[in-house]
Structures are given as structure tokens and as C-alpha cells.
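All remarks here apply to the structure that follows.
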Amino acid sequence: AQRVTQPEKLLSVFKGAPVELKCNYSYSGSPELFWYVQYSRQRLQLLLRHISRESIKGFTADLNKGETSFHLKKPFAQEEDSAMYYCALSKTGANSKLTFGKGITLSVRP
Amino acid sequence: DTGVSQNPRHKITKRGQNVTFRCDPISEHNRLYWYRQTLGQGPEFLTYFQNEAQLEKSRLLSDRFSAERPKGSFSTLEIQRTEQGDSAMYLCASSSQGGNTEAFFGQGTRLTVV
């Protein structure tokens, strides 16, 4: 069975501090990993995916197959980063269903 | 707004009543997904369609739930004989066919069963 674990519910940091949102997964195969973000009163939207290897809004995430992790990182948090973040996975190369973690609230204080 | 559209945004119903939600995907997208999200949880997959064909249903989708996409465009999700446990946010998403394409989400329908 596939599972995504986000061990923390809330992370509160000051502006300019580094951020790491943790995500671990279990999947029998080679999954595709994603981070989705939901800003206040907005819809869920894709932030980044591991196959793109991009930095979006200063965020990066590296897939570590040995540790089955896909942690989201940003060196200097901004107030506008405050949102709900969900880690998710799906089958590689297939446009199929997403399995989400429970999500983490990131609060960036001024 | 040319994104995924869901109606209604909010629905309050009495236990035992039937409710129906509608999702209009992005026009060129042939894949459509329904998810359910309860408080403190991430979205959970319910079902998905490719064009008008319903290709997969989750075990979460009890006999009281039915989804349709009759012409391969909009979709409806009906819940019969609602229970208080059905109270949740129901999310719809759509994507184009092919690998590595992004799923776009609607704003959801919040159902409250009283």
C-alpha cells in the first residue's frame, strides 16, 4: 500500500529563517513525488514535483530513495510562504490518482 | 476564471437527504478526479474518469456514492441518504492525458450534514 507521512502538523518560524517540511513515503515501485500548497482561501495548487528538479518560489525538494523522503526546503522563509503544504505521490509516468499526506501548516512570522 | 469550477461551494443538508455536486473541469482536460478531505487530513482519492469512463473507484466510495461524467465533460457526485460522517470538503481535479501532467483543483464543495 502506498502511504505519505508528514510527521509534523505545524511549523512556525521567523521571516528569514530556514524552513524544512518533512515528507516520507512508502511505495512498492518508483513513485512520482509532489508538493502541493494551499494559501488562505485559495485552491490547492502544485508547488513542485521531483521530476522537474526546479526551484519554485525559492523552494526545492530532493527525492532520497534510500531514505524514502522528499523534504521541502527553503533557505530564507518569507511571510507570503505561510500556507498549508501537502506532500503527495502517484505512479511514475502515469497520470493517476494522488495519495496525500495530512499536510503541515507553515506560519512565517514577521 | 477558466480553472476547475465546482458548485455549489457550500451545502448544508439534513441527515438522510440526497445531495449532488457538480464539477466543470478545464475544457481540454479529459481526466477528472474526485477527492474528499476531512478536517486535519489531506485529500483522499474517491474516483476518476477518463473521458466518460469511470476507471477507478476507491473503497471509500460506498454504495451511497455515485459519480457520473455522461458526456466526458462535467461530472456529478451524488450522495444518497447522507450521514453525518459524510461531512467534508469534496474536491474535484482535472488534467490532460499523458504522463507527467499537472492536476488542477477546484475550490471544493463543503458539505455539512446536520
For A:LEU47, which of the numbered conditions (1) under 30 Å from B:ARG110 (Cβ atoms); (2) away from chain B (no Cβ under 13 Å); (3) in contact with a Lys or Arg (Cβ under 8 Å, 6 or more places away or on another chain) fails to hold? (2)
Taking strands (runs of 3 or more DSSP E) that do not extend beyond segment B:1-90, which have at least 1 residues that are within 14 Å of chain A (Cβ to nearest Cβ) and surrounded by 15 or more Cβ atoms within 10 Å (Cβ to Cβ)? B:5-7, B:19-24, B:31-37, B:44-50, B:53-57, B:65-68
From the set of residues in segment B:95-110 that are buried (at least 20 other Cβ atoms within 10 Å of the Cβ) and modelled with pLDDT of 95 or more, which is farthest from A:LYS97 (Cα to Cα)? B:THR109
State the number of residues belonging to segment A:1-17 that are part of a loop (DSSP other than H, G, I, E, B), among the hydrophobic types (A, V, I, L, M, F, W, C) and surrounded by 11 or more Cβ atoms within 10 Å (Cβ to Cβ). 1
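Could you tell me how many of the residues in segment A:24-37 are out of contact with any His (no Cβ under 6 Å at 6 or more places or on another chain) and buried (at least 19 other Cβ atoms within 10 Å of the Cβ)? Break it down stepwise before answering.
The first filter runs over segment A:24-37 and keeps only residues out of contact with any His (no Cβ under 6 Å at 6 or more places or on another chain), leaving A:24-32, A:34-37.
When the remaining residues are screened for being buried (at least 19 other Cβ atoms within 10 Å of the Cβ), the result is A:25, A:31-32, A:34-37.
So the count comes out to 7.
Does A:GLN78 satisfy the criteria of being more than 23 Å from B:PHE105 (Cβ to Cβ), among the polar types (S, T, N, Q) and surrounded by fewer than 17 Cβ atoms within 10 Å (Cβ to Cβ)? Steps first, answer last, please.
Working: more than 23 Å from B:PHE105 (Cβ to Cβ): yes; among the polar types (S, T, N, Q): yes; surrounded by fewer than 17 Cβ atoms within 10 Å (Cβ to Cβ): yes.
Judged against the criteria, A:GLN78 is a match.
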When you look at B:VAL113, is it touching a helix residue (DSSP H, G or I) at 6+ places or on another chain (Cβ under 7 Å) and crowded, with 16+ Cβ neighbours inside 10 Å, yes or no? yes
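Determine which member of the set A:LEU98, A:LEU106 is within 30 Å of B:ARG9 (Cα to Cα), at the interface with another protein chain (Cβ under 10 Å from one of its Cβ atoms) and surrounded by 13 or more Cβ atoms within 10 Å (Cβ to Cβ).
Values: A:LEU106 fails: at the interface with another protein chain (Cβ under 10 Å from one of its Cβ atoms).
The conditions single out A:LEU98.
Residue-wise test of (1) over 17 Å from A:PRO18 (Cβ atoms); (2) in contact with a helix residue (DSSP H, G or I) (Cβ under 9 Å, 6 or more places away or on another chain).
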{"position": "A:ARG43", "(1), (2)": "yes, no"}
{"position": "A:GLU54", "(1), (2)": "yes, no"}
{"position": "A:PHE70", "(1), (2)": "yes, no"}
{"position": "A:LYS74", "(1), (2)": "no, yes"}
{"position": "A:GLU79", "(1), (2)": "no, no"}
{"position": "A:SER96", "(1), (2)": "yes, no"}
{"position": "A:ILE104", "(1), (2)": "no, no"}
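Pick out the one residue from A:SER26, A:SER52, A:SER30 that is hydroxyl-bearing (Ser, Thr, Tyr) and touching a strand residue (DSSP E or B) at 6+ places or on another chain (Cβ under 7 Å).
On the way: A:SER52 fails: touching a strand residue (DSSP E or B) at 6+ places or on another chain (Cβ under 7 Å); A:SER30 fails: touching a strand residue (DSSP E or B) at 6+ places or on another chain (Cβ under 7 Å).
After ruling out the rest, the residue left standing is A:SER26.
Given the options A:SER52, A:SER90, name the one that is within 12 Å of chain B (Cβ to nearest Cβ), more than 11 Å from the chain's Cα centre (by Cα) and within 22 Å of B:GLY108 (Cβ to Cβ).
Working: A:SER52 fails: within 22 Å of B:GLY108 (Cβ to Cβ).
That would be A:SER90, the only listed residue that is within 12 Å of chain B (Cβ to nearest Cβ), more than 11 Å from the chain's Cα centre (by Cα) and within 22 Å of B:GLY108 (Cβ to Cβ).
Residue check: is A:GLU20 surrounded by fewer than 20 Cβ atoms within 10 Å (Cβ to Cβ) and part of a loop (DSSP other than H, G, I, E, B)? Spell out the reasoning first.
Numbers: surrounded by fewer than 20 Cβ atoms within 10 Å (Cβ to Cβ): yes; part of a loop (DSSP other than H, G, I, E, B): no.
Criteria not met by A:GLU20.
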Of the candidates A:THR60, A:THR68, the one satisfying the condition of being farther than 26 Å from B:MET89 by Cα, within 10 Å of the chain's Cα centre (by Cα) and away from every other protein chain (no Cβ under 11 Å) is A:THR60
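The values are calculated or read from the model by the stated rules, or taken from the named source; none is laboratory data. Quick caveat: nothing in here was measured; it's all calculated off a predicted structure. With ideal geometry, Cβ positions are generated from the backbone for all residues, glycine too; neighbour counts draw on all protein chains shown.
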